[in-house]
């Protein structure tokens with residue numbers, strides 16, 4: 001296996017990781033920002049107010065996006081298996 005192939009595999013792995021994680025992280029970030037804005041506007045300084053909605057939204061995002069995540073992982077695995085089979 002050449003160095004370029006190793007770099008391609010590493011790049012594909014990192015890109016797949018970003019594609020899988022980004023929607024869930026963005027959902028958590030959006031909810032955190034909205035709740036922080038709400039806390040700032042109403043001057044409620046409760047630290048635990050952020051955690052429950054964030055956990056619920058992240059959990060729901062994972063449930064909704066799970067088929068997409070699995071499909072991305074399957075495609076990465078297929079590419080890696082094709083590469084492994086084509087090696088001399």
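Read-outs: derived from the displayed coordinates by stated rules, not from any lab. Owing to the predicted nature of the structure, the values given are computational and were not obtained by experimental measurement. As a convention, Cβ positions derive from the backbone with ideal geometry for all residues, glycine included, and neighbour counts pool all protein chains shown.
For residue 73 and residue 2, what is the calculated FRET efficiency with R₀ set at 25 Å and r taken between the beta-carbons, to the nearest 0.05? Provide the component values of the computation, followed by the final result.
Working: r = 25 Å, r/R0 = 1.00.
Efficiency at R0 = 25 Å is approximately 0.50.
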0 to 90° range, to nearest 10: angle between helix 51-86 axis and the chain longest Cα axis: 10 degrees
Relative contact order (percent, whole number), the chain, Cα cutoff 8 Å, 6+ residue spacing: 42 percent
Helix 3-42 vs. the chain, principal-axis angle (Cα, 0 to 90°, nearest 10): 10 degrees
Estimated [θ] at 222 nm from DSSP helical runs (n ≥ 4, -39500 (n - 2.57)) normalised by residues in the chain, nearest 500: -32000 deg cm²/dmol
Virtual spin-label span in nm between residue 59 and residue 43, 7 Å along Cα→Cβ: 3.4 nm
Cα-based convex hull, the chain, per residue volume (Å³, whole number): 95 Å³
